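The values are calculated or read from the model by the stated rules, or taken from the named source; none is laboratory data. Model, not experiment: these values are computed from the prediction. Cβ: placed from backbone, ideal geometry, glycine included. Neighbour counts: every protein chain shown.
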Amino acid sequence: MNRTSARPPTRLVTLYRLTGVRPDIEGMVDALDADGLSAHALDLHFPSALAVPSVAVTARFERAAPEWREHVAITTGLHIGGEESHGACLLLLAVDEHVYAIGYGAGFRLVPESRKDPRFGLRVAIRVLDAGQVRDLVRRSPALYGRTDATIVPGGMPIWAFGVEEHTDVVGRAGGATTRLALTGMRGEDGAIAIDGAAGLRVKLGVRPADLVADLREIARALSADARPGLEFIDAFQPVADEVTTLLLDDELDRLLGGDEDTVRGRLHPVVPTAKLREFEDARAFTTRFAGSKWNSDRPDLAYLLRRARSQRQGMRLIRVRDARIEMYSDPGRTESLGNCSALKWLEATVALDDRSFFLMDGRWYEIGTRYLEAKRGEIEGLIVPDPGFYLPAWEEGWDEKRYNEHVADVLPGALCLDRKGVRTRLHRGNGVEACDVLTRDLVLVHVKRADGSAPLSHLFGQGLVSMETLHTPEGEARFAALVEEIGGGRLELPRPFRPRKVVFAILLKGGERLSTSTLFPFSQVTLANVARTIRTRYGVPVEVVGISAHDS
């Protein structure tokens, strides 16, 4: 018999570990009820072959005729018939003190979403992968506008080569090959086995009952070890476990969901749930179900979600958003579902409690540790300057921002006040983009803000980045040049192509406090550091931050 035929059968699956589920038959059945799955026409089975408590759930999901059939008929005259359905099986099994879930076919739709351990697969991956041979990495940076970076390197490369910032990036998925798991798929193999870990662990597991149970025990053993050298930083971000802190964060998020656009800007962003990235690539249509209503769109619609949340009474907004579902479809006719999850997982939020900072990712709260903030403070210290190279007068009591900006333009020779003067483009219509509050004759873009919290400053820094993005386009540059000509009457001529000498954020803190890393709000520092790095690296323009005094010293 050759080696290939002697190998035991394996199957590539996504394995989930469930939390808060009692490791017995009754506990696993209750877990199905937790997500309302019992409302489906499910058949329950209790297989004994595995020799551990097990529940198998089978179902069929009927689907309507796909919308492409009508288009084929119009184009070709061919009429394709036949209704279709998806078979589904979900296997829940309790091995020792843990409950695991594996979906077959459309069975992934039956895995209780609220019970998934959100970082189970990732925690396995960082304990068995080689930091020098990572093939797949997904990460986010708090307060970076919901950006998700996914990098795939089929041949593998060192973790440092991905450009990960250990104290600032939150890794949500990692993949590669390992020889450190004694799984069924390794028997008779000389090489490594491929794994990919996020909420679930994508890996080949044994098909025979004894092999499958043995593989799950081997994975549990791997989880008891420390993270591999070079990957330990991924464990630094842990979900908040303290119930009191979680309740305070939820209350703050509930208030944020009721805020207007200015309150939300810079603190709430749409994101793609880490566990849904692969499906998102194939998605062509979305449906949001919120409190009995349904909204169809061709992309995740944060504006709709926030409008509905804002209409709820305080204390119910977060509950409604968490209960709402966003479903993805692979076709515009919405006949091919790619699965759904809580709308909360499509939101990223940043919240501060006293001097602690938190980050909502994939529906869970994470604390941004002191090492993260220290790394950001180091960047900020290099941005704060005592003198921007031009005179900034004191902010007189009773002045609003418009009055202050007009005064700056009056006392600075050759400067123009562009406060509330929008640069309108095809992308930014209506009021357009405010390129800056004051433009100096040395071509410095000055953005001014009086602030008593993180939200106004996050908005200011975000405005600075959007301004640079707009002015970097031919249309934006031309419209800005025309605006400068109109306001300045020819006193200031922009060179073409236009690149500002630098960007200056001028800030008056509440009570006229001196601007420093100690007085600048924690999340404002996060946003500022990210914005400054983007402007510097993408556009080659330096950024400075300067404090405005509340009175002449």
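Residues in the stretch 471-494: is at least one without any contact (Cβ under 8 Å) to a residue 24 or more places away in the chain, within 17 Å of residue 422 (Cβ to Cβ), of a type outside the set (Val, Ile, Thr) and in contact with a Pro (Cβ under 9 Å, 6 or more places away or on another chain)?
Of all residues in the stretch 471-494, those without any contact (Cβ under 8 Å) to a residue 24 or more places away in the chain come to 474, 477-478, 481-482, 485-486, 489-490, 493.
Then keep just the ones that are within 17 Å of residue 422 (Cβ to Cβ); that gives 477-478, 481-482, 485-486.
From the residues that got through so far, the ones that are of a type outside the set (Val, Ile, Thr) too are 477-478, 481-482, 485-486.
With the extra rule that they be in contact with a Pro (Cβ under 9 Å, 6 or more places away or on another chain), the set shrinks to 477.
Yes, the stretch 471-494 contains at least one residue that is without any contact (Cβ under 8 Å) to a residue 24 or more places away in the chain, within 17 Å of residue 422 (Cβ to Cβ), of a type outside the set (Val, Ile, Thr) and in contact with a Pro (Cβ under 9 Å, 6 or more places away or on another chain).
Does residue 467 meet the test of being in the same structural domain as residue 526 (by the TED database), in contact (Cβ under 8 Å) with a residue 60 or more places away in the chain and not aliphatic (A, V, I, L, M)?
Working: in the same structural domain as residue 526 (by the TED database): yes; in contact (Cβ under 8 Å) with a residue 60 or more places away in the chain: no; not aliphatic (A, V, I, L, M): yes.
No.
Only a single criterion out of (1) modelled with pLDDT under 90; (2) acidic (Asp, Glu); (3) crowded, with 18+ Cβ neighbours inside 10 Å is not satisfied by residue 493, namely (3). Residue selection: residue 192 satisfies the criterion of being surrounded by fewer than 20 Cβ atoms within 10 Å (Cβ to Cβ), among the aliphatic types (A, V, I, L, M) and under 30 Å from residue 281 (Cβ atoms). Looking only at residues of the stretch 156-191 that are at pLDDT 80 or above and either assigned to a loop (DSSP other than H, G, I, E, B) or assigned by the TED database to the domain that holds residue 530 (or both), we find that the one that is farthest from residue 209 (Cα to Cα) is 158. For the stretch 372-415, filtering for residues that are touching a strand residue (DSSP E or B) at 6+ places or on another chain (Cβ under 7 Å), surrounded by 17 or more Cβ atoms within 10 Å (Cβ to Cβ) and not in a loop (DSSP other than H, G, I, E, B) leaves 6. Screening the stretch 245-262 for residues that are in a helix (DSSP H, G or I) and touching a helix residue (DSSP H, G or I) at 6+ places or on another chain (Cβ under 6 Å) and picking the one that is surrounded by the fewest Cβ atoms within 10 Å (Cβ to Cβ) gives 250.
Determine which member of the set 506, 529 is surrounded by 22 or more Cβ atoms within 10 Å (Cβ to Cβ) and within 29 Å of the chain's Cα centre (by Cα). Give the derivation first.
Details: 506 fails: within 29 Å of the chain's Cα centre (by Cα).
One residue alone meets the criteria, 529.
One residue stands out in the stretch 278-311 among those that are aliphatic (A, V, I, L, M) and surrounded by 15 or more Cβ atoms within 10 Å (Cβ to Cβ): the one that is farthest from residue 150 (Cα to Cα), namely 309.
Sort through 329, 366 and tell me the only one that's within 30 Å of residue 284 (Cβ to Cβ), buried (at least 17 other Cβ atoms within 10 Å of the Cβ) and aromatic (Phe, Trp, Tyr).
Values: 366 fails: within 30 Å of residue 284 (Cβ to Cβ).
Residue meeting the stated conditions: 329.
Candidates 524, 516: the one that is surrounded by 15 or more Cβ atoms within 10 Å (Cβ to Cβ), of a type outside the set (Phe, Trp, Tyr) and not assigned by the TED database to the domain that holds residue 265 is 524. Taking the conditions (1) modelled with pLDDT of 80 or more; (2) under 23 Å from the mean Cα position of the chain (by Cα); (3) of a type in the set (A, V, I, L, M) in turn, residue 394 satisfies each one other than (2).
Contact map, the stretch 226-255: first residue over 22 Å from residue 267 (Cα atoms), second residue part of a helix (DSSP H, G or I), Cβ cut-off under 6 Å, separation 6 or more or different chains; pairs are 227/126; 227/127; 227/235; 230/159; 231/126; 234/126. With respect to (1) touching a strand residue (DSSP E or B) at 6+ places or on another chain (Cβ under 8 Å); (2) crowded, with 16+ Cβ neighbours inside 10 Å; (3) modelled with pLDDT of 90 or more; (4) assigned by the TED database to the domain that holds residue 248, the lone exception for residue 323 is condition (2).
Among the residues of the stretch 265-302, which ones are touching a residue at least 24 places away in the same chain (Cβ under 8 Å) and part of a strand (DSSP E or B)? Correct list: 268, 269, 270, 285, 286, 287, 288, 289, 290, 296.
Among the criteria (1) surrounded by fewer than 18 Cβ atoms within 10 Å (Cβ to Cβ); (2) closer than 30 Å to residue 202 by Cα, the one residue 274 does not fulfil is (1). Return yes or no: is residue 448 under 18 Å from residue 507 (Cβ atoms) and crowded, with 19+ Cβ neighbours inside 10 Å? Taking the combined requirement at face value, the residue satisfies it.
Evaluate the stretch 356-363: report whether one residue or more is touching a helix residue (DSSP H, G or I) at 6+ places or on another chain (Cβ under 9 Å), basic (Lys, Arg), at pLDDT 85 or above and surrounded by fewer than 20 Cβ atoms within 10 Å (Cβ to Cβ). No, the stretch 356-363 contains no residue that is touching a helix residue (DSSP H, G or I) at 6+ places or on another chain (Cβ under 9 Å), basic (Lys, Arg), at pLDDT 85 or above and surrounded by fewer than 20 Cβ atoms within 10 Å (Cβ to Cβ).
State yes or no: is residue 441 more than 20 Å from residue 526 (Cβ to Cβ) and part of a strand (DSSP E or B)? Step through it out loud before you land on a result.
On the way: more than 20 Å from residue 526 (Cβ to Cβ): yes; part of a strand (DSSP E or B): no.
For residue 441, the condition - more than 20 Å from residue 526 (Cβ to Cβ) and part of a strand (DSSP E or B) - is not met.
Quick grid of which residues meet (1) of a type outside the set (Phe, Trp, Tyr); (2) closer than 20 Å to residue 269 by Cα; (3) touching an Asp or Glu at 6+ places or on another chain (Cβ under 8 Å):
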| residue | (1), (2), (3) |
| --- | --- |
| 307 | yes, yes, no |
| 311 | yes, yes, no |
| 314 | yes, no, yes |
| 324 | yes, yes, no |
| 328 | yes, yes, yes |
| 332 | yes, no, yes |
| 338 | yes, no, yes |
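Wholly within the stretch 448-548, which helices (runs of 4 or more DSSP H) include no fewer than the required count, namely at least 1 residues that are basic (Lys, Arg) and touching a Ser or Thr at 6+ places or on another chain (Cβ under 9 Å)?
Details: elements: 454-471, 474-488, 522-539.
Result: 474-488.
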